[in-house]
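See below for the structure under consideration.
The values are calculated or read from the model by the stated rules, or taken from the named source; none is laboratory data. From a predicted model like this one, the values you see are computed outputs, not experimental measurements. Using ideal geometry, Cβ is built from the backbone for each residue, glycine included, and neighbour counts are taken over all protein chains shown.
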Amino acid sequence: MIGNFLDWCGVSIPCGTGDAGMPVGFLLSAPANCDEALLGAALSAEAIIRGDFI
């Protein structure tokens with residue numbers, strides 16, 4: 001919520017389900033106008049979060 005108030009960008013990476021069976025996401029945020037850097041970080045983190053790393 002604070003990121004939205006400050007006009008930050010965000011990416012949520014799905015990372016499984018919670019105790020109630022509802023989907024859970026890992027949220028990465030960055031200051032305004034840092035979209036490309038955030039997307040690069042999200043792409044790098046996605047493989048680790050999903051367990052697709054070697």
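Among residues of the range 1-17 that are among the β-branched types (Val, Ile, Thr) and at pLDDT below 90, those with a Cβ under 9 angstrom from a residue that is in a strand (DSSP E or B) and surrounded by 12 or more Cβ atoms within 10 Å (Cβ to Cβ), sequence gap 6+ or separate chain, pair up as Ile2/Ser29.
In the set Gly21, Gly16, which member is assigned to a strand (DSSP E or B) and more than 23 Å from Ile2 (Cα to Cα)? Even if it seems obvious, please write down each step before you answer.
Numbers: Gly21 fails: assigned to a strand (DSSP E or B).
Being assigned to a strand (DSSP E or B) and more than 23 Å from Ile2 (Cα to Cα) holds for just one of Gly21, Gly16, which is Gly16.
Scanning the range 1-37 for residues being more than 20 Å from Asp52 (Cβ to Cβ) and either touching a helix residue (DSSP H, G or I) at 6+ places or on another chain (Cβ under 9 Å) or not small (Gly, Ala, Ser) (or both) gives a total of 18. When every residue of the range 19-34 is checked against the conditions, at least one turns out to be loosely packed, with under 12 Cβ neighbours inside 10 Å and touching an Asp or Glu at 6+ places or on another chain (Cβ under 7 Å).
Annotation note: of Gly51, Gly3, the sole residue that is surrounded by 10 or more Cβ atoms within 10 Å (Cβ to Cβ) and not hydroxyl-bearing (Ser, Thr, Tyr) is Gly3.
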